[in-house]
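*Asks:* Shown below is the structure under consideration.
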Amino acid sequence: MLAAVLSIGGIGLVAAAALGVAAKKFAVEVDPRELAILEVLPGANCGACGQPGCSGYAKGVADGTLAPNLCPPGGADVVEKIARIMGIEAVSAEPQIAVVLCQGDNSKATQKYRYLGLSDCNAAQKIADGPKTCPGGCLGLGSCQRACPFGAIEMTPEGLAVISREKCTGCTKCVAVCPRQVIRMTPLAATTHVLCNSHDKGPLIRKYCQIGCIGCHICKKTVPDAYAVEDFLARVDYAQHAQAAAAIEKCPTKCIRDFSSGYPQGSSFASPTVPVKTETAA
Amino acid sequence: MTLKTFTGGLHPPDSKQSSAHKPIERCPLPAELVIPAAQHIGAPAEICVAVGDQVKKGQVIAQAKGFVSVPIHASTSGEVIAVEPRLHPMGRALPAVVIKPDGLDQWDETLTANDPGQLDAEELKTLVREAGIVGLGGATFPAHVKLSPPEGKTIDTLILNGVECEPYLTADHRLMLEQAERIIDGINILRKILGVKTAIIGIEANKPDAIAHLEKECAAHDIQVQPLKVQYPQGAEKQLIDACLGRQVPSGGLPMDCGVVVQNVGTCAAISDAVRLGRPLVERIATVTGPGISEPKNLLIAIGTPLQHLVDQCGGLEGEPAKIIMGGPMMGQTQLSLEVPAIRGTSGLLIFREQDLQIKPAGPCIRCGRCISVCPIHLQPTTIAAYARLELIDEAESYHALDCIECGCCTYICPATLPLVQSIRHAKGGIMAKRRKL
């Protein structure tokens, strides 16, 4: 009995001493600022900064190799906190969020074949360039929704991805996963968008989608500064986005939408309390 | 007598009775031929004719680009009326040469007949390549590549694939019955190129007439005819080698790694024409069948003939088509429309109506293990598919996703109708993309 207590206790003491020495001798110096930065980062490990995760970014900022304003999910708030930790001045980048530039769900756009396969946009895209007749439209199989670390994307019952303006942090994961490049990063302050991604000519678009941009130039004629039409597809010039809403009523196919007056049909998201964040306007 | 076979696989209803007894018929030329530049595995050929050119039958209209590539030839004489992207069997518009036949069907005079006895292996191989010969079983792999084993690989056996294990198809069956002499001539040329003696023709036992006929014809040529069990995918290269010789192709390897070259009997006949007559691959035999076709037939078609024209030759459609398949029902490719042209790999055209299809929504995997018991490669399809769905590419790779031959047995047998092959193909795409990145 005594022998057992002594031997186990002895082993414990020796091990403790060894660990104590090792902890002193092999201690890793961590920049306290790195830990502080890691503390204020959102911790989603989304990779939007270009690093594998938040700790990599925290280390980069502490080293001075990375700028403090590369964390879109954190927004202006985090930039300010990091700047304070680092004792530097930092200007936050203009906040961006992702928008699905398509409203052609299954009730409005045609399919060229019946797709019964894997529910994955990238897998579907490999079969004759996807079931949707439109070459640029949302396939509606939810790859972006599964990629979103913030639960900001929903699929409507008719198969259209819609991104919440409140939940999107601008991490760009959905942009990277979409095989049709229908999701774009846009300034958060801009609420008016041309929701179409097809460069086909008008007569062709009318055959497969009720709500696509036909390149008629009416929006550009109405507000010349706020729109640009390239290859039969109109885009809002986001530098002048404030004026863009004036053309919504004029659009013959109703493919321009102001998100402040509601999300596309079928979305369960409540009308955003827009402008969502006004600080950038000031 | 027990017939030779492989392990795994299954036996879908072979449905060959509607066209197996129909002799090969020459299909008349359509109003225009659409000949795509991409008709084989490897780099697409480069189009070398322009609108307005007069071309002769057999003239090169697109040049091979690289080693794993073959030239494309005009399927008849006539005028090039367009060089533009046209709907391809792949499902998208790809570059193609459109020829308006002049009705004369004149061969290019520069093509000359050869005596295979006077040529050496290299010269024969060049003829095969210049004739644009690809595997006519459906995979369209350039034949000359298979005939060029790298240094250090010795080939001791040539296997001819006359299995035709895909349901519905009867093109190879008719070819073996009607034109055995072309096949045998092709085999002799292939033996000379490869320097091998042993040649085995593998035929599924559901074609007893073809087996008897070839046994009689081959007797004088030292070619063995091997009847095989009716089991899908008996005609898949690796399964055929296993069945005939009991040899296993190593994981990630090719038939030449176990000393074998496999060629389809149709390819063999085309090689005979290419060498003996100097005629390139401009036509092939295809079975036009299925419940949606009024009068199923085996047609000798010019490459580039629109599918609609084939349907017209077979008494038109029977009801509204719901699914158009180019090739066999297990591995064939579903088509968007009948305006697509038949290409070198078109072994058949199947048309099904809505009532012929069994479409059920995919349910959850019930872990019954049937996909595992039928997989001829002994993979775990359901596991790989689950990894593919979750984008766990490394795990899918460790379960040998790349060894999948996409035969479709697992998808066919799955009681939950899961898209297993598509999922595995998705994983394969991910693995290849990852390898390119590294």
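The values are calculated or read from the model by the stated rules, or taken from the named source; none is laboratory data. What you see is a predicted model; the values in this text were computed from it and never measured. Here the Cβ is made from the backbone with ideal geometry for all residues, glycine too, and neighbour counts use every protein chain on show.
*Asks:* Counting just the residues of segment A:91-111 that are surrounded by fewer than 16 Cβ atoms within 10 Å (Cβ to Cβ) and hydroxyl-bearing (S, T, Y), which one comes out nearest to the other protein chains (Cβ to nearest Cβ)?
*Replies:* Among those residues, the one meeting the criterion is A:T110.
*Asks:* Scan segment A:112-136 for residues that are in contact with a Leu (Cβ under 9 Å, 6 or more places away or on another chain) and buried (at least 22 other Cβ atoms within 10 Å of the Cβ) and jot them down.
*Replies:* Once the filter is applied, which keeps residues that are in contact with a Leu (Cβ under 9 Å, 6 or more places away or on another chain) and buried (at least 22 other Cβ atoms within 10 Å of the Cβ), segment A:112-136 yields A:L118, A:D120, A:C121, A:A123, A:A124, A:G130, A:K132.
*Asks:* Now, a different point. Can you say whether B:G345 is under 28 Å from B:I41 (Cα atoms), assigned to a loop (DSSP other than H, G, I, E, B) and either of a type in the set (G, A, S) or at pLDDT below 95 (or both), as far as the supplied structure shows?
*Replies:* Values: under 28 Å from B:I41 (Cα atoms): yes; assigned to a loop (DSSP other than H, G, I, E, B): yes; either of a type in the set (G, A, S) or at pLDDT below 95 (or both): yes.
So B:G345 fits the description; yes.
*Asks:* Right, something else. In the list B:V249, B:V265, B:V225, which residue meets the criterion of being touching a residue at least 60 places away in the same chain (Cβ under 8 Å) and at negative phi?
*Replies:* Working: B:V249 fails: touching a residue at least 60 places away in the same chain (Cβ under 8 Å); B:V225 fails: touching a residue at least 60 places away in the same chain (Cβ under 8 Å).
The conditions single out B:V265.
*Asks:* Taking segment B:402-411, which residues are within 14 Å of chain A (Cβ to nearest Cβ) and either in contact with a Leu (Cβ under 9 Å, 6 or more places away or on another chain) or under 23 Å from A:S143 (Cα atoms) (or both)? Write out each step before concluding.
*Replies:* Within segment B:402-411, the subset within 14 Å of chain A (Cβ to nearest Cβ) is B:406, B:408, B:410-411.
Correct list: B:G408, B:C410, B:T411.
*Asks:* Answer yes if at least one residue in segment B:18-31 is in contact (Cβ under 8 Å) with a residue 40 or more places away in the chain, touching a Gly at 6+ places or on another chain (Cβ under 8 Å) and away from chain A (no Cβ under 14 Å), and no otherwise.
*Replies:* First, the residues of segment B:18-31 that are in contact (Cβ under 8 Å) with a residue 40 or more places away in the chain: B:18-20, B:22-31.
Within this subset, residues satisfying the condition of being touching a Gly at 6+ places or on another chain (Cβ under 8 Å) are B:29.
Now restrict to residues that are away from chain A (no Cβ under 14 Å): B:29.
Scanning segment B:18-31, I find at least one residue that is in contact (Cβ under 8 Å) with a residue 40 or more places away in the chain, touching a Gly at 6+ places or on another chain (Cβ under 8 Å) and away from chain A (no Cβ under 14 Å), so the answer is yes.
*Asks:* Conditions: (1) free of Cβ contacts under 8 Å to residues at least 40 places away in the same chain; (2) assigned to a loop (DSSP other than H, G, I, E, B); (3) of a type in the set (V, I, T). B:T112 meets all but one. Number of the miss?
*Replies:* (1)
*Asks:* Confirm whether B:P321 is within 14 Å of chain A (Cβ to nearest Cβ) and loosely packed, with under 15 Cβ neighbours inside 10 Å.
*Replies:* Numbers: within 14 Å of chain A (Cβ to nearest Cβ): yes; loosely packed, with under 15 Cβ neighbours inside 10 Å: no.
So B:P321 fails the test.
*Asks:* Which of the strands (runs of 3 or more DSSP E) contained wholly in segment A:227-275 include at least 3 residues that are crowded, with 18+ Cβ neighbours inside 10 Å and among the acidic types (D, E)?
*Replies:* none
*Asks:* OK, next. Against the condition out of contact with any Leu (no Cβ under 6 Å at 6 or more places or on another chain) and crowded, with 23+ Cβ neighbours inside 10 Å, how does B:P255 come out, does it pass? Give the steps one after another, and end with the answer.
*Replies:* Working: out of contact with any Leu (no Cβ under 6 Å at 6 or more places or on another chain): yes; crowded, with 23+ Cβ neighbours inside 10 Å: no.
Taking the combined requirement at face value, the residue does not satisfy it.
*Asks:* On to the next question. Does B:A131 satisfy the criteria of being farther than 26 Å from B:L33 by Cα and either small (G, A, S) or within 14 Å of chain A (Cβ to nearest Cβ) (or both)?
*Replies:* Numbers: farther than 26 Å from B:L33 by Cα: no; either small (G, A, S) or within 14 Å of chain A (Cβ to nearest Cβ) (or both): yes.
Judged against the criteria, B:A131 is not a match.
*Asks:* Restricting the search to segment A:188-205, which residues are in contact (Cβ under 8 Å) with a residue 40 or more places away in the chain and in a helix (DSSP H, G or I)?
*Replies:* As a first pass, look at segment A:188-205 and keep what is in contact (Cβ under 8 Å) with a residue 40 or more places away in the chain: A:188-200, A:205.
A:I205, the sole residue that qualifies.
*Asks:* Something else now. Residues being of a type in the set (S, T, Y) and within 12 Å of another protein chain (Cβ to nearest Cβ): count how many of those fall in segment B:326-377. I'd like the intermediate steps shown before the answer.
*Replies:* Kept after step one, since they are of a type in the set (S, T, Y), are these residues of segment B:326-377: B:334, B:337, B:346-347, B:373.
Right, trim to within 12 Å of another protein chain (Cβ to nearest Cβ) and you get B:334, B:337.
Adding up the residues that qualify gives 2.
*Asks:* Does at least one position in segment B:9-21 carry a residue that is in a loop (DSSP other than H, G, I, E, B), out of contact with any helix residue (DSSP H, G or I) (no Cβ under 8 Å at 6 or more places or on another chain) and of a type in the set (A, V, I, L, M)?
*Replies:* no
*Asks:* Tell me, please, whether a residue that is at pLDDT 90 or above and under 22 Å from A:C148 (Cβ atoms) can be found in segment A:18-39.
*Replies:* So far as segment A:18-39 goes, no, none of its residues is at pLDDT 90 or above and under 22 Å from A:C148 (Cβ atoms).
*Asks:* Here's a follow-up. Let me confirm something: among B:P30, B:P44, B:P36, which residue is surrounded by 16 or more Cβ atoms within 10 Å (Cβ to Cβ), in contact with a Ser or Thr (Cβ under 8 Å, 6 or more places away or on another chain), at pLDDT 95 or above and not basic (K, R)?
*Replies:* Numbers: B:P44 fails: at pLDDT 95 or above; B:P36 fails: in contact with a Ser or Thr (Cβ under 8 Å, 6 or more places away or on another chain).
Only one candidate passes the filter, namely B:P30.
*Asks:* Looking only at segment B:52-82, count every residue that is assigned to a loop (DSSP other than H, G, I, E, B) and closer than 19 Å to B:D105 by Cα and tell me the total.
*Replies:* Of all residues in segment B:52-82, those assigned to a loop (DSSP other than H, G, I, E, B) come to B:52-53, B:56, B:58-59, B:64-71, B:74-77.
Now drop any that are not closer than 19 Å to B:D105 by Cα, which leaves B:52-53, B:56, B:58-59, B:74-77.
The qualifying residues number 9.
*Asks:* Please work out if B:I424 is within 13 Å of chain A (Cβ to nearest Cβ), in a helix (DSSP H, G or I) and β-branched (V, I, T).
*Replies:* Details: within 13 Å of chain A (Cβ to nearest Cβ): yes; in a helix (DSSP H, G or I): yes; β-branched (V, I, T): yes.
Answer is yes for this residue.
*Asks:* For segment A:124-139, what are the residues that are within 11 Å of chain B (Cβ to nearest Cβ), touching a Phe, Trp or Tyr at 6+ places or on another chain (Cβ under 7 Å) and touching a residue at least 60 places away in the same chain (Cβ under 8 Å)?
*Replies:* Result: A:T133, single match.
*Asks:* Here is a further query. A:M86 passes all but one of (1) out of contact with any Ser or Thr (no Cβ under 9 Å at 6 or more places or on another chain); (2) surrounded by 16 or more Cβ atoms within 10 Å (Cβ to Cβ); (3) without any contact (Cβ under 8 Å) to a residue 40 or more places away in the chain; which number fails?
*Replies:* Only one criterion is unmet by A:M86, namely (3).
*Asks:* Moving on to the next point. Starting from residues that are more than 14 Å from chain A (Cβ to nearest Cβ) and free of Cβ contacts under 8 Å to residues at least 24 places away in the same chain, keep the ones in segment B:65-109 and report whichever is farthest from B:L307 (Cα to Cα).
*Replies:* B:K65
*Asks:* Can you tell me which residue within segment B:427-438, out of those that are in contact with an Asp or Glu (Cβ under 9 Å, 6 or more places away or on another chain) and hydrophobic (A, V, I, L, M, F, W, C), is nearest to the other protein chains (Cβ to nearest Cβ)?
*Replies:* B:A427
*Asks:* What residue, among those in segment B:378-401 that are among the hydrophobic types (A, V, I, L, M, F, W, C) and surrounded by fewer than 17 Cβ atoms within 10 Å (Cβ to Cβ), is farthest from the other protein chains (Cβ to nearest Cβ)? Please lay out each step first, then the result.
*Replies:* As a first pass, look at segment B:378-401 and keep what is among the hydrophobic types (A, V, I, L, M, F, W, C): B:379, B:384-386, B:388, B:390, B:392-393, B:396, B:401.
Within this subset, residues satisfying the condition of being surrounded by fewer than 17 Cβ atoms within 10 Å (Cβ to Cβ) are B:390, B:392.
Values: B:L390: 9, B:L392: 13 Å.
Out of the qualifying residues, it is B:L392.
*Asks:* OK, next. Only one of these is in contact (Cβ under 8 Å) with a residue 12 or more places away in the chain and more than 14 Å from chain B (Cβ to nearest Cβ): A:C121, A:C171. Name it. So that I can check it myself, show each step before the final result.
*Replies:* Values: A:C121 fails: more than 14 Å from chain B (Cβ to nearest Cβ).
Only one candidate qualifies: A:C171.
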